[in-house]
Amino acid sequence: MSTATAPDPAAGARWIRRFGAAREAGDAGSTGNTRIGEDTRARLLCLPHAGGAAGFYFPLHQVLAPDVEVLAVQYPGRQDRLREPGIDDVGALADGIVAALLPLPDDRPLALFGHSMGATVGYEVARRLEHGAGVRPAALFASGRRAPSRHREEWAHLKDDAGLAEELLLLGGTDGELLADPGLLRMVLPAVRVDYRAIETYRHRPGPELGCPIVVLTGSDDPRVTLDEAADWRRHTSGEHTVDVFPGGHFYLNDALGEIGALIRARLAAAPRTAFRAGSGSR
């Protein structure tokens, strides 16, 4: 496991999106550098699923604003980063995200929320923060993903385009109109394939585990995560570990945003008001 790299002030603009305060302003959702109020308790960095983009988390921002500042990662190879080559290695993704995080202001705690592939990426980001930069996140919310040490042999990234599209259809969460449009499909499938290669070739490396709480969220009918696999996240922290099960499949969270927002808000309200000390080695 590689450690955190030196802060790169330019990295944040590429990797991290900050949503505007839509609930207060009534807008449709900007991604500008909107000022966050002094009463905002924490930052929540959200990491997308395979093929996903930062905008996936705008509805969660609407639920949590203005109590929690929601930031979202934009992986290379999609939307405004379409011309950049994708990254097919979870560790390299985590390194890029950590480099973008370190220049952030240290005025409030930082928690991580990752769904599906994003949960594993979030875990590796948390390891780098805690053991490379001396920063313990307030919590890791791991959604829709088995524990990093629970491996399955999966090869969706080797399928042809039709097979990969079928995989997306099986899991849900992808707009059916997009899957039915050959032009749009050709544009998004390269990023999907790179992400699938990253998560399907990921192997957990032994090393220091987390001390922060891990809050696991999973769908009761998720074909990619059993309850036993979800429970094994407990092996990856010396801190508190909980599992919350919601009705639904792999993208259960689309129908449970209110409950998820309440859970996140309650968890972060109970967290110590320890600021995110970027690169200082303190908590």
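With a simple spin-label model that places each label point 7 Å from the Cα along the Cα-to-Cβ direction, the separation between L169 and A266 comes to 3.9 nm.
Beta bridges assigned by DSSP with both partners in segment 11-270 are antiparallel in approximately 10 percent of cases.
Expressed as a rounded percentage, what relative contact order does segment 11-270 have, with Cα pairs under 8 Å and six or more residues apart?
Details: 498 pairs, mean separation 50.0, N = 260.
This gives 19 percent for segment 11-270.
First measure r as the distance between the Cβ atoms of D221 and R186, then evaluate 1/(1 + (r/R0)^6) with R0 = 22 Å and state the FRET efficiency to the nearest 0.05. Let's see the in-between values first.
Details: r = 31 Å, r/R0 = 1.41.
Once the sixth-power term is evaluated, E becomes 0.10.
Taking 14 Å as the cut-off, the amide N atoms of segment 212-243 that come nearer than this to a point 7 Å along the Cα-to-beta-carbon line of D255 belong to 219-223. Length gained on full extension, R203 to Q62: 47.3 nm, using 0.36 nm per residue less the C-alpha separation. Please label the shape of segment 11-270 as rounded, prolate or oblate, based on the square roots a ≥ b ≥ c of the eigenvalues of the alpha-carbon gyration tensor (a/c under 1.5 means rounded; beyond that, a/b larger than b/c means prolate, else oblate). It comes out rounded by the Cα gyration axes.
Between the amide H of R108 and those of F276, distances stay under 5 Å, these residues lying 5 or more places away or on another chain, with hydrogens modeled in the peptide plane.
All of the numbers you see were taken from the coordinates with simple rules; none came from a lab. All figures in this text were calculated on a predicted structure; none of them were measured in a lab. Quick reminder, even Gly has a Cβ in these numbers, built from the backbone with ideal geometry, and neighbours come from all protein chains shown.
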